[in-house]
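One structure is given below, encoded as structure tokens.
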Amino acid sequence: MKIRLHTDRCIGSGMCAAIAPAVFDQDPDTMLVLPRDLSPSAEQWAAAAAAADCCPVSVIELLE
């Protein structure tokens, strides 16, 4: 299970970092998404999926 980020679409809403802080972070200057773990454990996968569902511009792509 891997994650692909389409950072060119990121608007910096921060939902990903709020929902899955072990998987996503935000750049402190631009507020754009930063990866913490692009191959999260099964325990973190559910949080990553929830973050993907909440992203307003579909930046997070889950690859199973």
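The values are calculated or read from the model by the stated rules, or taken from the named source; none is laboratory data. Worth saying up front: this structure is predicted, and the values here are computed from it rather than measured. Note: ideal-geometry Cβ built from the backbone for every residue, glycine included; neighbour counts use all protein chains shown. Side chains included, ligands, DNA and RNA excluded: accessible areas come from the protein's heavy atoms. Shrake-Rupley method; radii C 1.70, N 1.55, O 1.52, S 1.80 Å.
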Over the stretch 3-43, the set of residues over 19 Å from Ser58 (Cβ atoms), in contact (Cβ under 8 Å) with a residue 24 or more places away in the chain and part of a helix (DSSP H, G or I) is Ala42
If I ask for residues that are among the acidic types (Asp, Glu) and either open to solvent by 60 Å² or more (accessible area, probe 1.4 Å) or within 9 Å of the chain's Cα centre (by Cα) (or both), which ones from the stretch 1-36 would you list? Asp8, Asp25, Asp29
